[in-house]
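Read the figures in this text as sums done on the coordinates, not as results from a lab. Model, not experiment: these values are computed from the prediction. Positions of Cβ are generated from backbone atoms using ideal geometry, with glycine treated the same way; all protein chains shown enter the neighbour counts.
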Amino acid sequence: MRAGPAALLLLALPVALAGCGLRPIYAGGAQGAAAQALAGVQVEPIEGKAGWLMENALRDRLATMGQGDPRYSLRVKLDDRIEGLGVRADDSVTRERRTLRARFQLVDMGSDETLLDETASWDAGIDVASSDYATVAAEDSALERLTQIVADRVLSRVAAAQR
C-alpha cells in the first residue's frame, strides 16, 4: 500500500514541530520558568463584586505557583456589561450577553515600569427566564464563570510575557 502526499505530510508534522523550539509554557511544574515568574506577582485590590471574584481567581491560581518575593504588581480594571439581545414584540428581553473585559498591567515594583499593558475579555450568553430570581442567578453564575476564564487568560499572557 502506498502512502499519499497527505499521509506523508501528516507523518512529518510531529518531527517538524519537535524541532521548532516550541516549549509548553508550564513545563517543569512549580520549578518551571512560568511558575517562578508568576510566584513573584502580587495582585492589587480590584473594585466591585466582579473585582472581588477576579481577585480571588487570580490569587488562587498564583498560590499554586508558590510564594516568592513580590517583584511585580498586577493591576486590573474590569468592565462588566450586560446587554439585551433577543427582544419580543412586547419589548421584553429574552436573551442577554454578559461581557467581562479586564485591562491589566504588569508593573515592576522596583522601577515602577509597566512591562505589560493589555486586555483580556470573554462573554457568556444568558437566557432570560420568566422569574426575576432565575435571571439574576443566571447572571451571577455567568459572572463567576467569566472571572475564571478571564483570570486564566490574564495569567497566561503574564506568564508568556515574563519568559
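Packing-based ranking of 84-95, 62-73, 151-162, 110-121 yields 151-162, 62-73, 110-121, 84-95, ordered from highest to lowest mean Cβ neighbour count within 10 Å. Note on residue 127 and residue 111: the model spin-label points, each 7 Å out from Cα along the C-beta direction, lie 5.3 nm apart. Label separation (residue 79 vs residue 149): 1.7 nm, computed from points 7 Å beyond Cα along the C-beta direction. With R₀ set to 30 Å, the beta-carbon distance separating residue 63 from residue 93 gives a calculated FRET efficiency near 0.15. Separation of segment 82-120 and segment 60-78, taken as the distance between their Cα centroids, equals 20 angstrom.
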